[in-house]
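Notes to accompany the following structure.
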């Protein structure tokens, strides 16, 4: 991952783009999202877990001394409207281009998992077992769960829609958040 992030920063700097990132925490009702926004206004990392947010920030800043993290008011956040609409039930899919070095740094298995997660419709969920099967590794249930936990773009890649055979399973942002997201999407009865 370190090499991929370093290449990303070098690419930005070679094209003359300053390495100014935004590190944010925005609240939408009872939900708080932690977001790293890249120099090109791309969402680089998104999580409900503050510790994952801090770790992602350290990974980027530790690679280049010219990386600067600034704050950005929620009203000035380019994607604020999309998140506000999602959390009020008016948006079911994020029209956001995925452009994150954390995605590129994933393994081929993680890419398959994240791709299949992205295809789970709003209001539906699948089991970790089904996800592992879709990714071509029917015995890789735990690996599928680990790949869900490594998802760098929560909500945009909706890993909260992946559940255990007999319950919710895990979620980096906490089970209360996962339960609330599923309730928001009313996905109680729509397993695929």
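Could you list all residues from region 14-52 that are crowded, with 16+ Cβ neighbours inside 10 Å and not in a strand (DSSP E or B)?
Answer for region 14-52, where residues must be crowded, with 16+ Cβ neighbours inside 10 Å and not in a strand (DSSP E or B): 19, 38, 39, 42, 48, 49, 52.
Against the definition (in contact (Cβ under 8 Å) with a residue 12 or more places away in the chain and within 22 Å of residue 176 (Cβ to Cβ)), how does residue 50 come out, yes or no? So that I can check it myself, show each step before the final result.
Numbers: in contact (Cβ under 8 Å) with a residue 12 or more places away in the chain: yes; within 22 Å of residue 176 (Cβ to Cβ): yes.
Criteria met by residue 50.
Do we find a residue being touching a residue at least 24 places away in the same chain (Cβ under 8 Å), farther than 26 Å from residue 175 by Cα and surrounded by 16 or more Cβ atoms within 10 Å (Cβ to Cβ) anywhere in region 81-103?
Looking for residues that are touching a residue at least 24 places away in the same chain (Cβ under 8 Å), farther than 26 Å from residue 175 by Cα and surrounded by 16 or more Cβ atoms within 10 Å (Cβ to Cβ), one finds at least one in region 81-103, hence yes.
Any chance region 158-172 includes a residue that's surrounded by fewer than 23 Cβ atoms within 10 Å (Cβ to Cβ), within 18 Å of residue 44 (Cα to Cα) and modelled with pLDDT under 95?
Yes, because at least one residue in region 158-172 is surrounded by fewer than 23 Cβ atoms within 10 Å (Cβ to Cβ), within 18 Å of residue 44 (Cα to Cα) and modelled with pLDDT under 95.
Scan the helices (runs of 4 or more DSSP H) fully inside region 102-188 and keep the ones with 2 or more residues being more than 24 Å from residue 82 (Cβ to Cβ). Spell out the reasoning first.
Values: elements: 108-118, 128-134, 141-149, 175-184.
Ranges flagged: 108-118, 128-134, 141-149.
The values are calculated or read from the model by the stated rules, or taken from the named source; none is laboratory data. Bear in mind that the values here come from a model prediction, so they are computed numbers and not experimental data. Cβ sites come from the backbone with ideal geometry, for glycine too, and all protein chains shown count toward neighbours.
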